[in-house]
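We did not get these values from a lab; they are worked out from the coordinates using the rules stated. All values reported here derive from a predicted model rather than from experimental measurement. No Cβ is skipped: glycine too gets one built from the backbone with ideal geometry, and neighbour counts run over all protein chains shown.
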């Protein structure tokens, strides 16, 4: 009588959720403004760190500005649908969904892992002089936008 042996291997399952793909944020210009606050941080605008918290921000002309940071929809307890940087009333749609494990750890909310944003504002839009600046965070379902603190900067 012949015998056969069968080696049983446990099934391995990938329990980690796949990383979301970075996506361009929707345009928030026509969305209603939401009165409840949310959490975000515009970490850099060009070479300036935390520009909204500063009173005297000066940037050089002739260069595109890169904006980076993170934003979440705290009401929904999830990442936002996107972020727009608003300069002089014009909306610049950021790429959204970059890995930000630091944000997830800070808030102790795993859903905030992919809450990073970045994008570019073309130098042609930045004439010399004073400019207004704000961040709009689009709520998770895309039906409204939280508007952050207003700031300003000057292009030399």
Assuming R0 = 22 Å, can you tell me the calculated FRET efficiency for the pair residue 76 and residue 106, based on Cβ-Cβ distance, to the nearest 0.05?
0.80
For the chain, shape from the Cα gyration tensor axes a ≥ b ≥ c, cut at a/c of 1.5 then a/b versus b/c, turns out prolate
Counting pairs of alpha carbon atoms under 8 Å apart in space and at least six apart in sequence, what relative contact order in percent does the stretch 98-156 give?
27 percent
Using only Cα atoms, figure out Rg for the stretch 28-86 and give it as a multiple of 2.2 N^0.38 Å.
1.30
Note on the chain: contact order normalised by length, alpha-carbon pairs under 8 Å, 6 or more apart, percent, works out to 29 percent
